[in-house]
C-alpha cells in the first residue's frame, strides 16, 4: 500500500513489481483518457487487483454484478496496469490522487506511465480522423515516439489533470508519455480515443482492436453523458483555454 | 471630478442582476436534475454554447440519431431540439430498481445567452453532432469618433 496524507492505493491482490506500463484513465477533456484506459483494460482482459481510498472521495460506492466496488479501481495484465475512475474528480482529489499514484508507481518500479487526453479544437466537427501528438519527459522517449511516427508537441501548454501527472512523474523520476488527440472539449470523444489507441499500438508494438471502439462510439457517448457533465463542472475552474493560446515569448 | 453617488436602489439592482446570473448559470448550464426521463423515454443531450462577436453557436451531441428525425425550433431567446433515435437505446441494468430501461428520443430547450435572429440561423448535422449558428441581433447606434 502506498500513501500520501490523503490517498491510499490498496492492493487487494499483490501486484508484481516492474510492470512495463501504467495507463492512467481519469475524466478530462472529451473523457479521452478514460475511454482509452477502459478500452485497453477491456480488450486486454485485465483483472481487478486494487482500488484507491481517500477521505477526499465523495460518498459514493458503485455496484457491479451485485458486488460493491470503489469508484477508482486498478486493473492489471501480465505487463500493464490501468487506473480507471468512474467519477468526476475535484481539483483537490486530482492532485492528491496523482501524487499517490506517482509515488506508488515509483515503489512498484513501473517502467513508464502513460497519460492520454484531448486537445480541444474548435473545428473538431470537420475532422474525420483526429491527429495525435506526443509528449515525453525524456529525450530518449521523445526520439522513440518520433521513430514510431508519433508527431511530437514542440510548443504549447498542457493544462489540467494530465499536466499534474507529467509534473508528478518528473518529480518521481518516472518516464512519462502523454498522447494528445484533437477532440471535442465538452462531449465524450471515442473518435479521439481511437486515434490514440492506434498510435499506442505503433508505440508499444501491440494490436489492440480499434474497430470495436469505433463501433461502440454511440453507446459510449450515451452512457458517459452524466460523467461528462460533472467533469465539465470540475474543469470549469481550470484555465483550459490556455492550451489554445499562443505560446509565450520566452523559451 | 464629479462622481454620482450610488443609491440603495442601484445596489439592489446590481445584486438582483448578480443573483439572476448565478441562478441562470447554476440551473441552466449545470442543472442538478437527471439527464433523462424514464417515463417519457427521453434523454437530455450534452450541449455546448459559444459566442463570437457576431454569432451564437450551439453544438448538440446526438448519438444514435439520423438527420431526418431532428426537429429544431428557435425564437430570439431559445432553441428547442427534439430528435428520435434510429433504434431504442437499452440500458441494463438500470439503477437499483429497474432491470433495464429504454430510451428513444432526445429533447432539450436551451436558453441562448443573447438575442439572436432565428430566421437567419444555419444548421448542419455530421457524425451525430448538430451545430446551429445564429447571427446575433445587434441593435444600437453608430458612435462617431471626433
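The values are calculated or read from the model by the stated rules, or taken from the named source; none is laboratory data. Computed from a predicted structure; not experimentally measured. Reconstructed Cβ throughout: ideal geometry from the backbone, glycine too, with neighbour counts over all protein chains shown.
Scanning segment A:74-86 for residues that are part of a strand (DSSP E or B) and over 13 Å from the mean Cα position of the chain (by Cα) yields A:75, A:76, A:80.
Can you say whether residue A:192 is in contact with a helix residue (DSSP H, G or I) (Cβ under 6 Å, 6 or more places away or on another chain), surrounded by 14 or more Cβ atoms within 10 Å (Cβ to Cβ) and more than 14 Å from every other protein chain (Cβ to nearest Cβ), as far as the supplied structure shows? The answer is no for residue A:192.
When residue B:30 is tested against (1) at pLDDT below 85; (2) in contact with a helix residue (DSSP H, G or I) (Cβ under 6 Å, 6 or more places away or on another chain); (3) surrounded by 14 or more Cβ atoms within 10 Å (Cβ to Cβ), exactly one condition is not met: (3).
Let's see how each residue does on (1) within 14 Å of another protein chain (Cβ to nearest Cβ); (2) modelled with pLDDT under 95; (3) out of contact with any strand residue (DSSP E or B) (no Cβ under 9 Å at 6 or more places or on another chain):
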residue	(1), (2), (3)
A:94	no, yes, yes
A:98	no, no, no
A:101	no, no, no
A:111	no, yes, no
A:116	no, no, no
A:122	yes, yes, no
A:125	yes, yes, no
A:131	no, no, no
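Scan segment B:124-131 and give yes if some residue there is without any contact (Cβ under 8 Å) to a residue 60 or more places away in the chain, within 11 Å of another protein chain (Cβ to nearest Cβ) and at negative phi, otherwise no. Checked against the condition, which is being without any contact (Cβ under 8 Å) to a residue 60 or more places away in the chain, within 11 Å of another protein chain (Cβ to nearest Cβ) and at negative phi, segment B:124-131 yields at least one hit.
Here residue B:70 meets each of (1) without any contact (Cβ under 8 Å) to a residue 60 or more places away in the chain; (2) more than 14 Å from chain A (Cβ to nearest Cβ); (3) in a strand (DSSP E or B) with one exception, condition (1).
When B:126, B:122 are screened for being in contact with a helix residue (DSSP H, G or I) (Cβ under 6 Å, 6 or more places away or on another chain) and closer than 23 Å to residue B:45 by Cβ, only B:126 passes.
All of B:91, B:78 fail the test of being over 25 Å from residue A:123 (Cα atoms) and surrounded by 13 or more Cβ atoms within 10 Å (Cβ to Cβ), apart from B:91. The sole residue among B:124, B:87 that is more than 19 Å from residue A:226 (Cα to Cα) and modelled with pLDDT under 95 is B:87. For segment B:48-67, a residue qualifies if it is at pLDDT below 95 and not in a strand (DSSP E or B), and the qualifying residues are B:52, B:53, B:54. When restricted to residues that are touching a strand residue (DSSP E or B) at 6+ places or on another chain (Cβ under 8 Å), within 21 Å of residue A:93 (Cα to Cα) and part of a loop (DSSP other than H, G, I, E, B), segment A:147-173 contains 2. Residue pairs whose Cβ atoms lie under 6 Å apart, separated by 6 or more positions or on different chains, with the first residue in segment A:223-239 and facing another protein chain (nearest Cβ under 7 Å) and surrounded by 17 or more Cβ atoms within 10 Å (Cβ to Cβ) and the second in a helix (DSSP H, G or I) and modelled with pLDDT of 90 or more, are A:228/A:31.
Taken over segment A:175-189, the criterion of being within 14 Å of another protein chain (Cβ to nearest Cβ) and in a loop (DSSP other than H, G, I, E, B) is satisfied by A:184, A:185, A:186, A:187, A:188, A:189. What do you reckon, is residue A:218 within 15 Å of the chain's Cα centre (by Cα) and within 14 Å of chain B (Cβ to nearest Cβ)? It is false that residue A:218 is within 15 Å of the chain's Cα centre (by Cα) and within 14 Å of chain B (Cβ to nearest Cβ).
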